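A quick write-up on the structure given underneath.
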2 protein chains.
Amino acid sequence: MDTHTPDAADVSPSEPEEETPWLSAREQRMWRAHLEVAKLLDYQLGRELQPHSLAINDYEILVVLSEAPERRMRMTDLATATLQSKSRLSHQITRMETAGLVLRQECPGDRRGLYAHLTEHGWATMQKVAPDHVRSVRAHFIDRFTPEQLDAMYEALAPVAEHLRGLRGRA
Amino acid sequence: MDTHTPDAADVSPSEPEEETPWLSAREQRMWRAHLEVAKLLDYQLGRELQPHSLAINDYEILVVLSEAPERRMRMTDLATATLQSKSRLSHQITRMETAGLVLRQECPGDRRGLYAHLTEHGWATMQKVAPDHVRSVRAHFIDRFTPEQLDAMYEALAPVAEHLRGLRGRA
């Protein structure tokens, strides 16, 4: 992750002509703060879902499926929506199927598609967990910013998200 | 991940007296932008490390070890530094050992400690990869903010990182 200036002797031999654009101290501290918050927040929100026997990725799947028409999605679309590889998603869905949260089914009349459905138990679980989760998100993130900071960060992050979505779409 | 107001009928039955503090639309859009950037950036930086046959977590290990005294760390400290569980780190270090990037050794005179050492090959790999990685970080993140945005985001994020580090330390 580190991107600061290394010793002068460390200049990459493969880039003799083009100087490496190392981050300045101000850029570096922001980059590290972003990485740390992203990682630690993920960890903390995951910890606070543990009493519900849910991993943070499981919760995300419940949310995405609950918002989909008929509370189901084609596995390939679900992988795209949750930014996971198909194989990793498949493992996760297997675990969640065992827990009774989702059901994998072929769609009649659509031979290409294997769908993940949210079960009634999955829906009920999400309803039960959501209030605790939003309290966690507030306590460890949202409520720690002023309204001005929230808006400024949104303005800064939204174009970056769009840029990255575009790259992902072309992948 | 979703934390917006659900249908009125969705009020959690387990919290009949305390209203759930759902996120407002402004809070919600910032929360989603943060999640998306964190996840997509991780994905994109990982993709751009692939030509070097490194996962993003591998690169992080190389950086942390390269900054440690004698380029080595006790496995437990490395797990803390990289915010990973010991078992997950152990799997990762096994893979990296196979690739010749690190070496696991007991420390003479310290029977408690198993250490991960950066090998010469690991050090050389980091030196070779770092210039490309910093270009990726700039292209997809840092250079997309104005200096004012960088400073404002650092000011906003740093106290959150500190809060989360404190929670993690107590875990």
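Just so it is clear, none of the values below were taken in a lab; they were calculated from the coordinates. These numbers were taken from a predicted model, which means no experiment stands behind them. Methodologically, a virtual Cβ is constructed for each residue, glycine included, from the backbone with ideal geometry; neighbour enumeration extends over all protein chains shown.
Name the chain B residue with the Cβ nearest the axis that maps B onto A: which is it, and what is the distance in angstrom?
B:A38, 2
When each copy gets a label point 7 Å from Cα toward the beta-carbon at B:H121, what are the spacings between them in nm, shortest first?
Values, ascending and in nm: 4.7.
Find every distance from the label point of A:S85 to the corresponding label point in the other copies (7 Å from Cα along Cα→Cβ) and write them in nm, one decimal, shortest first.
1.9
What does the average come to when, for each residue of peptide B:76-85, you count the partner chain Cβ atoms lying within 10 Å of its Cβ?
1
Would you please give the FRET efficiency between A:R88 and B:S87, computed as 1/(1 + (r/R0)^6) with r the Cβ-Cβ distance and R0 = 22 Å, to the nearest 0.05?
Plugging the Cβ-Cβ distance into 1/(1 + (r/R0)^6) gives 0.75.
What's the center-to-center distance, using Cα atoms, between the stretch A:19-71 and the stretch B:24-48 in Å?
Distance between centres, Cα-based: 8 Å.
From the label point of B:R168, set 7 Å along Cα to the beta carbon, how far off in nm is each other copy's matching point, shortest first?
2.3
A:D143 versus B:S24, label points 7 Å from Cα toward the beta carbon: distance in nm?
Simple spin-label model gives 1.5 nm for this pair.
Once you charge only the Cβ atoms, +1 for Lys and Arg and -1 for Asp and Glu, what is the size of the charge dipole of the stretch A:57-171 about its Cα centre, to the nearest 20 debye?
The dipole magnitude comes to about 500 debye.
Determine the shielding of peptide A:158-169 by partner chains: average, over its residues, the number of Cβ atoms on other chains within 10 angstrom of each Cβ.
Neighbouring Cβ atoms belonging to other protein chains average 6 per residue here.
Around B:R72, under 12 Å between beta carbons, what's the net of Lys plus Arg minus Asp minus Glu among the other residues?
-2
Multiply the residue gap between A:R165 and A:Q50 by 0.36 nm, knock off their C-alpha separation, and tell me the result in nm, one decimal place.
38.4 nm
Note down the net charge around A:K39, summing +1 for each Lys or Arg and -1 for each Asp or Glu among other residues with Cβ under 11 Å from its Cβ.
Within the 11 Å Cβ shell, the charges total -1.
Would the stretch B:34-171 count as rounded, prolate or oblate if I go by the C-alpha gyration tensor, calling it rounded below 1.5 in a/c and otherwise prolate when a/b exceeds b/c, oblate otherwise?
oblate
Which shape class applies to the stretch A:120-170: rounded if a/c is under 1.5, otherwise prolate when a/b exceeds b/c and oblate if not, where a ≥ b ≥ c are the square roots of the Cα gyration tensor eigenvalues?
Oblate.
Using the Kyte-Doolittle scale, which helices in chain A average at least -0.5 and also have C-alpha atoms spread 24 Å or more along the helix axis, with helices defined as whole DSSP H runs?
Both cut-offs are met by A:147-170.
Calculate the length of the line joining the C-alpha centroid of the stretch A:85-108 to that of the stretch B:83-118, in whole Å.
The distance from the Cα centre of the stretch A:85-108 to that of the stretch B:83-118 comes to 34 Å.
Out of A:A139, A:L167, A:S53, whose Cα points farthest toward the positive end of the dipole of chain A (charges: +1 Lys, Arg; -1 Asp, Glu; placed on Cβ)?
Looking along the dipole axis, the top candidate is A:S53.
Just want the answer: with Cβ charges of +1 for Lys and Arg and -1 for Asp and Glu, which residue in A:S66, A:W22, A:H34 is farthest toward the dipole's positive end in the protein assembly as shown?
So the residue furthest toward the plus end is A:S66.
Which of rounded, prolate or oblate describes the protein assembly as shown when judged by the alpha-carbon gyration tensor and an a/c cut-off of 1.5?
It comes out prolate by the Cα gyration axes.
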